Amino acid sequence: MLVSDFQKLLANFYGLEVSADVADYLITDAQLLAGLRPDSNPSPDETLLIATADGDLEVALYLDRELLGRLGEANPCNDLANSNLDDFCKVLEGVSHFVYLAWNAANDKRVTRLELELQSEVDKYVGTRLLLESQGNRAINRARLHDVLFGAVHYRDDLDDDEAARYRHANSMVGRYCRRLEQRFPAVQTTGALAAELRAFYRMSQPDKFSHMHAAQFF
């Protein structure tokens, strides 16, 4: 399944062991989502549902059925292009949330919503870069990729102030960090060094991530 392929892409890059398969936690029924989150205003494309019951973590990932259908017809793992880049990023964001939560839970680590957003922003950069380099893709301009991922971003009008601030903060911080990564690791030959950098980043606490991203701007 496509979402499982995205999970493997992230797990292989970061060297993660995650026993849970995101496909087993996937829901695509918008009415079911509305029933599970009756008092909220979830994204119509992607939402990670989290709850606790008797000390156990309960998780489900909602992805829009039509969104998945479009990617199934134009699989970005075979050909990432301008036409499917936005859909790819939306689905990868959801998979990123799931993987990061599952990995941290398995290692008895708590995460914040801001951490989930920070990591998903990094993962969108990682995922697009890996696919473009593996495919030798010239359809998407690598020089403009950073601007597409971090500059030309639009947020839902119905977000509350805290949500909007969290998304903008994550986008801004990670955008500057990934700009520096582009400078330090510019070519496919440096993928191993890039992986070492981002594997360490993945395992940092939230305060350490902020310190690392801030320091990265100055060397």
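Points worth noting:
- Beta bridge orientation in the chain: antiparallel %, DSSP, nearest 5: 80 percent
- Solvent-accessible surface (1.4 Å probe) assigned to Ser134 amounts to roughly 90 Å².
- Relative contact order of the chain, pairs being alpha-carbon contacts under 8 Å that are 6 or more residues apart, as %: 19 percent
- Solvent-accessible surface of the chain, taken per residue with a 1.4 Å probe and all protein chains present: 51 Å².
- Structure-derived Kirkwood radius over Cα pairs in Å - corresponding label in (1) 18.0; (2) 20.9; (3) 18.7: (1)
- Take each peptide in 192-199, 107-114, 123-130, count the other Cβ atoms within 10 Å of every residue, and average; sorted highest first, the result is 123-130, 192-199, 107-114.
- Taking a ≥ b ≥ c as the square roots of the eigenvalues of the alpha-carbon gyration tensor, segment 1-93 is classed oblate because a/c is 1.5 or more while a/b is no larger than b/c.
- Charge dipole magnitude, Cβ of K and R +1, D and E -1 - the chain, Cα centre, debye nearest 20: 1200 debye
- Gyration tensor verdict on segment 161-219 (Cα atoms; rounded if a/c is under 1.5, prolate if a/b is larger than b/c, oblate otherwise): prolate
- Computed over segment 1-106, relative contact order equals 33 percent, with contacts defined as Cα pairs under 8 Å that lie 6+ residues apart.
- Sulfur and carbon atoms: percent of accessible area, the chain [1.4 Å]: 48 percent
The values are calculated or read from the model by the stated rules, or taken from the named source; none is laboratory data. Only a predicted model underlies this, so the values are computations on that prediction, with no experimental measurement involved. For neighbour counting, all protein chains shown are included, and Cβ atoms are generated from backbone atoms with ideal geometry for every residue, glycine included. The protein model used for the area step is the full one, side chains on, heavy atoms only, and it has no ligands, DNA or RNA in it. Shrake-Rupley method; radii C 1.70, N 1.55, O 1.52, S 1.80 Å.
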